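Written out below as structure tokens is the structure these notes cover.
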Amino acid sequence: MSRNLIEMLRAREGDGHPTALASLKEALERDGEITDDARRHAAAVSGLPEATVYGISTFYDDLTETRGRRHVAVCTGTACWASHPGDHERELGERLGLAEGERTEDGSLSYGTTVCLGFCHSSPAYRDGDVVDAGSGAFERVASGQAAQADEPEGTTLTEEPVLLGRGTFSGLRSALSGSTPEALLEEVKDANLRGRGGAGFPAGSKWEFARGADGEEKLIVVNGDEGDPGSYIDKHLMERNPELLLEGMALAGFAVGAEHGLVLVRSEYPHSTPALREAVARAEDAGNLATTFMAAALTSTSRSRRAPAPTSWARRRRCSDRCRGCAAP
Ligand code: FES
């Protein structure tokens, strides 16, 4: 189905109905697998053709593996593989009595693989439900059903004013809202030569300026929390241990470009990121740090894909207050 046709359907029917991805995830959680009936149901509720839904259901790794009530996965990312080349994957499968992708007949246990869980420093890493175990003794704990959450590494900084490790306080946002304008903030970011950290180092000020000048009534701040290079989990650190800093950055970007709300794309390999962000959003709203600005924070959890993650899950949104600046919302 063409994008135009989908947009026409959405415009006619509104966007209140569930997405195909949400429906498929619900079926996976309920039944442990995606059946053709589940695909047909997802097509019916989303308004998409069955062929399109089939493509969605076979694209994401999360949707293609069967799930038991307990799901154990071994990390086969570069660092984990290099630490124990391939053997930990086979050995854990033998201990559990399952091959990769299998589920016990009674549906109590399933076994699969995953990619970087953010514990490369103590690889190999394993996931048992939402518990990520890694380091000494992890294999035995997971194999015996006693997985324990691995400790996060301590961070240190050599700078007097640490950025990643400096707690987000929303002071920059308060300062911008009380004494600046979107245009002035844009200039400040450009003058500071702030650059993206996604690899290309693209100037953030230019990107924000393009977004501010883009056509369209509604603008949205999308934070890409996906990562996966071995040993690189800055996004995980920010989302789980300094989420206020991330939210403040989103709010500042929203102020500069005139966006009313935002989304964070979270890898499903990071089971603790979405709860941490949700709690931070609630704290920020309770403290008036987001609710009294124009920024309506929203979080999105992704289905794992080794190719191209995409947003799913929930979003929430809050109307602008009268302290809002630079946004076209009512
Ligand atoms: S590659 Fe396994 S935790 Fe990073």
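The values are calculated or read from the model by the stated rules, or taken from the named source; none is laboratory data. Since we're looking at a predicted model, the values are computed, not measured. Please note: Cβ atoms are built from the backbone with ideal geometry, for glycine as well, and neighbour counts cover all protein chains shown.
Structure notes:
- Residues satisfying the stated conditions in segment 148-162, i.e. of a type outside the set (Asp, Glu) and touching a residue at least 40 places away in the same chain (Cβ under 8 Å): Gly155
- The listed residues are Tyr126, Tyr111, and the only one of them that is more than 14 Å from the ligand (Cβ to nearest atom) and crowded, with 18+ Cβ neighbours inside 10 Å turns out to be Tyr111.
- In segment 61-90, the residues that are more than 23 Å from the chain's Cα centre (by Cα) and outside any loop (DSSP other than H, G, I, E, B): Trp81, Ala82, Ser83, Asp87, His88, Glu89, Arg90
- Sole residue being in contact with a helix residue (DSSP H, G or I) (Cβ under 8 Å, 6 or more places away or on another chain), within 16 Å of Thr76 (Cβ to Cβ) and aliphatic (A, V, I, L, M), chosen from Ala125, Ala148, Ala143: Ala125
- Test: Ser178 is within 16 Å of the ligand (Cβ to nearest atom) and either in contact with a strand residue (DSSP E or B) (Cβ under 9 Å, 6 or more places away or on another chain) or modelled with pLDDT under 90 (or both): no
- Single residue of Gly254, Gly231 found to be in contact (Cβ under 8 Å) with a residue 24 or more places away in the chain, assigned to a helix (DSSP H, G or I) and touching a His at 6+ places or on another chain (Cβ under 8 Å): Gly254
Residues are listed down the side, and each one gets a yes or a no for (1) outside any loop (DSSP other than H, G, I, E, B); (2) under 25 Å from the mean Cα position of the chain (by Cα); (3) farther than 19 Å from Met239 by Cα:
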{"residue": "Glu140", "(1), (2), (3)": "yes, no, yes"}
{"residue": "Ala147", "(1), (2), (3)": "no, yes, yes"}
{"residue": "Pro153", "(1), (2), (3)": "no, yes, no"}
{"residue": "Leu165", "(1), (2), (3)": "no, yes, no"}
{"residue": "Thr169", "(1), (2), (3)": "no, yes, no"}
{"residue": "Leu185", "(1), (2), (3)": "yes, no, yes"}
